[in-house]
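Written below as structure tokens is the structure these notes are about.
Every number here is computed from the coordinates shown, using simple stated rules; none is lab data. Here the structure is a predicted model, which means the values were calculated and not measured. When we count neighbours, we look across all protein chains shown, and the Cβ atoms used for this are built from the backbone with ideal geometry, even at glycine.
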Amino acid sequence: ELPEWLRNSAPSQAYRFISPNYSLVSVISPVQPKISSAFIAYFIVNPDSIFGSITAEYTVEKRGVFFTEIKIPNGFSVTDVAGANIKDWFFRDDQKVVKINFDKAAINTSKITIEIEKKLTADENSLQFEAPYAMQNNSKYEALMVFGSDEDVKIAPDGDSVAHELSIYKLPEKIQRRYQGINYAFIFSEAGGQLKFAKERLIPQIEAQVYN
């Protein structure tokens, strides 16, 4: 019902007043960003350490954000952060949070890769962990974690998490190339739980047939 010259200006709201005596009160409030995030984390269990690679994919709507904070599983430290539009980052070890500042406001979809590591003691044989997640109060997230091991470590999921054995050939190609010693993997689709592992050299099973 607006005149054409007003319709072309694309107003967000319009009001019609039916009498000349009126008052209009406007309330200005900042637009909050709507954030959703998805995490895919790969952990490789070695005899003396666990390496992790976390890929965080953000979708930011309504308003851009200038930084993000990501909770890191307990016991891990951050070794590197990579991605487009990253100005700098720092890791708060006391809170297990990595803060990432952007060069300019991040909007739409962006990806961040975080490398983490945990040193294992000689007698350590279990890990209590939780999935990484965004610290923003208005964000929704999903997490998918895959644990694998080399030939000297035998792992088994335990605790509250539900894990399913995963063929190493279903891992992304870049993960297969980087960790060529992986012999098996487990996929965790829940928020966290406990992982048990035994440091032992696996004995290969050999079948042979003898012909006279």
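How do the peptides 101-107, 144-150, 88-94 rank, highest first, by the average count of neighbouring beta carbon atoms within 10 Å per residue?
144-150, 101-107, 88-94
For all pairs of alpha-carbon atoms in region 112-162, what percent lies in each bin of width 10 Å, listed from the first bin to the last filled one?
P(r) over region 112-162, rounded to whole percents: 14, 47, 30, 9, 0.
Name the long-range amide H neighbours of VAL97: under 5 Å, sequence gap of 5 or more, or other chain; modelled H, no Pro or chain starts.
Close amide H contacts, sequence-distant or interchain: ILE72, ARG92.
Can you tell me the FRET efficiency between LEU144 and VAL97 if r is taken as the Cβ-Cβ distance and R0 is 22 Å, rounded to the nearest 0.05?
Working: r = 21 Å, r/R0 = 0.94.
So the FRET efficiency works out to roughly 0.60.
Note down the nm distance, to one decimal, between modelled labels 7 Å out along Cα→Cβ at ALA14 and at THR59.
With each label point 7 Å from Cα toward Cβ, the separation is 3.1 nm.
Using 7 Å Cα-to-Cβ label points, what is the LYS196/SER26 separation (nm, one decimal)?
Each label point lies 7 Å from its Cα, and together they span 6.5 nm.
Mind checking which lysines have their C-alpha under 26 Å from LYS34, skipping anything on the same chain fewer than 8 residues away?
LYS62, LYS71, LYS87, LYS96, LYS99, LYS104, LYS111, LYS140
Could you tell me which of PHE90, MET135, THR109 has its Cα farthest along the dipole of region 83-140 towards the positive end, charges placed at Cβ (Lys, Arg +1; Asp, Glu -1), taken about the Cα centre?
THR109
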